[in-house]
Amino acid sequence: MTTLADILTELGKAGRRLDQLHACEAQAGNMSVALAQAPDLSLFPDAEDYVLPAVVPALAGWTVIVTGSGTRLRDVADEPAACLAAVQIDDDGVHAVLHSAPTRSFARPTSEFNSHLGVHADQVARRPGLGMHTLVHAQPRYLVALSHIPELVDTTAMSRAITRWEPETLIQLPDGVGVLPFAVPGSRELMDGNVALLRTHQIVLWCKHGIMVRSDDGPLSAVDKVEYAETGATYEYWNRSGAGSGQGLTPDEIRAVIAAFGVQTSLY
Ligand code: 13P
């Protein structure tokens, strides 16, 4: 079984990698891991009643390890007890117990916790047997820059734009990224959009804001997907900025990659 220590280590490495990618400036970004089995919570000895910001009966009995609002993702590795809480969800899916450490540096979980809970609950309800599910919100610069270009505020157009530079991108992100038009941070609209688009895509791009990525394989695997998408966005930005006059992979080259790797994609 994955232990809490393993999860905290991965969250710490994920936060550092996002920082290296310039995808979590200052207090931007948040992460959570939902666990079917309650872990040992001795790192978080304080407990308080907590009303969840979304109603999630599918998560009854689950524990969600989550970053505190206003914490820096780059600090999670060195100070997990200061940056994280463990939220144990009651049977009604409305109430919970919030476990934390005396050294915690935040008042409440991330302001995007409604989206985290909504997506975890939707994935758990649709996929019986899932024991762990990770979500990361980050703000990668080139993906966000491209999301300001009106013609790219479209899932197919954006996905083709970022998957046309390297074979890896399409192999790793066969569905590309789902694109959500701008929605106010923390809003019900953003939560509902995340729930819907993360059914069909592993990454959803929140226009003019950032991304949310989901993974069954833990925080580092989630961040790998961000890295693939952001690299594709970097090439596209470079080309559009006038620095390059790149052709990108041709239709024949893309078809050859799809055939060679058996990529299941509806993008091409
Ligand atoms: P929190 O610090 O509340 O997680 O907010 C950061 C963020 O990126 C909101 O979109």
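Please treat every number below as a calculation from the coordinates, not as lab data. Bear in mind that the values here come from a model prediction, so they are computed numbers and not experimental data.
Of note:
- The value given for region 124-247 is a Kirkwood hydrodynamic radius of 14.7 Å, derived from the mean inverse Cα-Cα separation.
- Helix axis angle, 188-197 relative to the chain longest principal axis, alpha carbon, degrees: 60 degrees
- Intensity falloff of the chain expressed as log10 I(q)/I(0), Debye formula with alpha-carbon point scatterers, at q = 0.11, 0.14, 0.17 Å⁻¹: -0.59, -0.92, -1.28
- Tilt relative to the chain, helix 4-20 - C-alpha long axis, 0 to 90 degrees, to 10: 40 degrees
- Volume of the convex hull of region 1-40 (Cα atoms only), normalised per residue: 75 Å³.
- Rg to Rh quotient for region 104-183, alpha carbon positions, Kirkwood Rh: 1.04
- Among P150, P39, P181, residue whose mean-square fluctuation peaks in a GNM of the chain (springs only between Cα atoms under 10 Å): P150
- Eigenvalues of the alpha-carbon gyration tensor of region 45-190, scaled by 5 and square-rooted, set the equivalent ellipsoid semi-axes at 31, 19, 15 angstrom, largest first.
- Note on region 154-222: Rg/Rh from Cα positions, Kirkwood definition for Rh, rounded to two decimals, is 0.97.
- Counting all C-alpha pairs of region 1-105, share separated by more than 20 Å (%): 37 percent
- Mean sequence separation of contacting Cα pairs (under 8 Å, at least six apart), scaled by the length of region 106-176, corresponds to a relative contact order of 17 percent.
- Rg and Dmax [Cα atoms of region 198-268; Å; Rg one decimal, Dmax integer]: 14.5, 39
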